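Notes follow the structure.
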Amino acid sequence: MTDMKTPYDVIIIGAGVVGCSIAHALASTSRKEPLRIALLERSLEEPDRIVGELLQPGGVMALQQLGLEECLEEIDSIPVHGYCVAEKNKIVHIPYPGGHKGRSFHHGKFIMNLRNAATKAKGVDVIEATVNDLIESESSQRIIGVTATKKKAADSEKISLYAHLVIVADGCFSNFRTKVMGARVCNPVTKSYFVGVILNDATLPYQYHGTVCLTDSAGPVLLYQIGTHDTRMLVDVKAPVPSDLKGHILEKIVPQLPSALHTSVTNAIQEGNIRKMPNSFLPSVMQGGNEFETKQGVFLVGDAWNMRHPLTGGGMTVAFNDVVILRNLLAQVEDLSRWDEITEGLRRWHWERKPLASTVNILSVALYDLFGANDDNLEVLRTGCFKYFELGGECVNGPVSLLAATIQSPATLFYHFFAVAFYSIWVMFTHPRLVEQGTGSKPRLLAPSVAEYPLLFMKAIFVVWTAIVVFVPLLWTEIRWWSPDDKNARTTVLFRYGMPVAALATIAFGAFKLTF
């Protein structure tokens, strides 16, 4: 084994979205002495993934702040001007306001551009090697480096690299999450799976827009163009995943998609390479400091630390925003061996990222719960959400700005979520729905009668309660700073009293607006 005693200031594990961007960002900061950075990746070949292919406008802006906007060029990337939501034969257009636009692309091509930018950055060594373990000081229990196996060495050469600071950015299947976080580790919760396939020359309802198709008794279907001729389709499938995925999609999903997509989807499913990825949720937990019992000398970033449902395409936006904040905070630390200063930076990072990260995280899971509705109350909310978008104006601009991460405000998200809940109740009371009046007769569109109001009133209470149950726990995961399993977790007045009061205040305000 080759030992290299402390040749680096920073070691970064993983040359993906976060690893490459943070290597480039740290190398670009102004210092008396340039940082020496090792960026380790087990394979530098072009990766092939079915997620990480859409960057929201907020992510594009963060990429520009990092000086990496050129990584979006010369990879056949596609401008994204907004979304549309399709349900059966109804389609509602949801454009980004203010001329904002995102970008979509083949994930691997984008990563190769990011790696090229990191390689060119001054002081960055990109090393193709598999990290086997973290090196811990016997005296201080601080992480001081890594052991790794070089990929192309003739004899599988093992090396030890040392640094003042180790950053773990090895993604959703992190090998080091538990070792860094210890007893405070949170295990990812798999909400469902995305089954992905590429369509050839597909016709979307709105060109250069992401398309969300809502289905009955199945999860949402997401489509967006990632190249001149390529369109990614992601089908949400709940566990247990059907053994015959092709049959499941062809029989239960395709008939519910817009008719213009039927041929291209059928051809892609019959001929294409179907792949699946877990859709996981992992709330962030404060790192750094002795009271949090995390390892010194190391911290987690990206999906290794915090994940949200990929339905809203917000993962890379959160990642680049995190890198912007970390770059600015770590630039103030002259000596990266000073763990007390690093700890203070990690504390500030944890809260400074909240406006954007919390908004994206909560929105992703809340929207998934609505769009993947599997009970009557969620179905009411889903129908109300669709019709809320149909109102246009701020009912579209507000939610899509949150989705685009151009507005970073959990409070605004809170308002729109419960506005949808109350509008859903209004729709339930007033809008016609299909009713079968007798055996053999055709269903007719009828508005609820006054005689149905008592039952609808009871259902309305359950709908509001369902909205609270969906939203408030998600908000709670973002405002706490300890692990859910932490036995010393502090029970705050905010949790016991503030959250219910905030929920009730929103409910009262929404009811007032609907009434007057």
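The values are calculated or read from the model by the stated rules, or taken from the named source; none is laboratory data. Owing to the predicted nature of the structure, the values given are computational and were not obtained by experimental measurement. Every residue, glycine as well, gets a Cβ built from its backbone with ideal geometry; the counts of neighbours run over all protein chains shown. With ligands, DNA and RNA removed, areas are computed over all heavy atoms of the protein, side chains included. Shrake-Rupley method; radii C 1.70, N 1.55, O 1.52, S 1.80 Å.
Numbers at a glance
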{"item": "GluC sites (Glu not before Pro) within region 127-189, DSSP loop, no more than 12 other Cβ atoms inside 10 Å", "result": "Glu138"}
{"item": "Relative contact order of the chain, pairs being alpha-carbon contacts under 8 Å that are 6 or more residues apart, as %", "result": "17"}
{"item": "Solvent-accessible heavy-atom area per residue, rounded to whole Å², over region 227-271 at 1.4 Å", "result": "49"}
{"item": "Point-to-point label distance, Ile461-Thr430, nm (Cα→Cβ direction, 7 Å offset)", "result": "2.4"}
{"item": "Linear extension gain, Asn267 paired with Thr203, 0.36 nm per residue minus alpha-carbon span", "result": "21.7 nm"}
{"item": "Filtered GluC sites (Glu not before Pro), region 271-352: DSSP coil and at most 12 other beta carbons within 10 Å", "result": "Glu334"}
{"item": "Within the accessible area of region 122-167 (1.4 Å probe), percent carbon and sulfur", "result": "44"}
{"item": "Local electrostatic count at Ile50 - Lys and Arg +1, Asp and Glu -1, tallied over other residues with Cβ under 10 Å", "result": "+2"}
{"item": "Probe 1.4 Å, accessible area per residue of region 319-457, Å²", "result": "43"}
{"item": "Inter-site label distance for Ala447 and Ile91 at 7 Å from Cα along Cβ, in nm", "result": "3.0"}
{"item": "Solvent exposure of region 62-193 as accessible area per residue, Å², 1.4 Å probe", "result": "46"}
{"item": "Under 16 Å from the Cα of Lys122 - lysines, other chains or at least 8 residues apart", "result": "Lys32"}
{"item": "Rg ratio (alpha-carbon, reference 2.2 N^0.38 Å) - region 86-243", "result": "1.46"}
{"item": "Qualifying lysines (Cα of each under 22 Å from Cα of Lys276; at least 8 residues distant if same chain)", "result": "Lys109, Lys191, Lys238, Lys246, Lys252"}
{"item": "Over region 36-100, relative contact order from alpha-carbon pairs under 8 Å, at least 6 apart, %", "result": "19"}
{"item": "Region 312-417: translational diffusion in µm²/s, Stokes-Einstein, Kirkwood Rh over Cα pairs, 25 °C, 0.890 mPa s", "result": "157"}
{"item": "Relative compactness, the chain, computed as alpha-carbon Rg over 2.2 N^0.38 Å", "result": "1.03"}
{"item": "Potential extension, Thr149-Lys120 segment - 0.36 nm per residue separation minus Cα distance", "result": "8.1 nm"}
{"item": "For region 211-260 and region 337-377, distance of Cα centres in Å", "result": "27"}
{"item": "Rounded percent of accessible protein surface that carbon and sulfur make up, region 193-352, 1.4 Å probe", "result": "46"}
{"item": "Spin-label model distance (nm) - Glu69 vs Asp133, 7 Å beyond Cα toward Cβ", "result": "4.7"}
{"item": "Arg338/Met277 FRET efficiency (R0 25 Å; Cβ-Cβ; nearest 0.05)", "result": "0.05"}
{"item": "Region 1-137: relative contact order in percent, alpha carbon pairs under 8 Å with at least 6 residues between", "result": "35"}
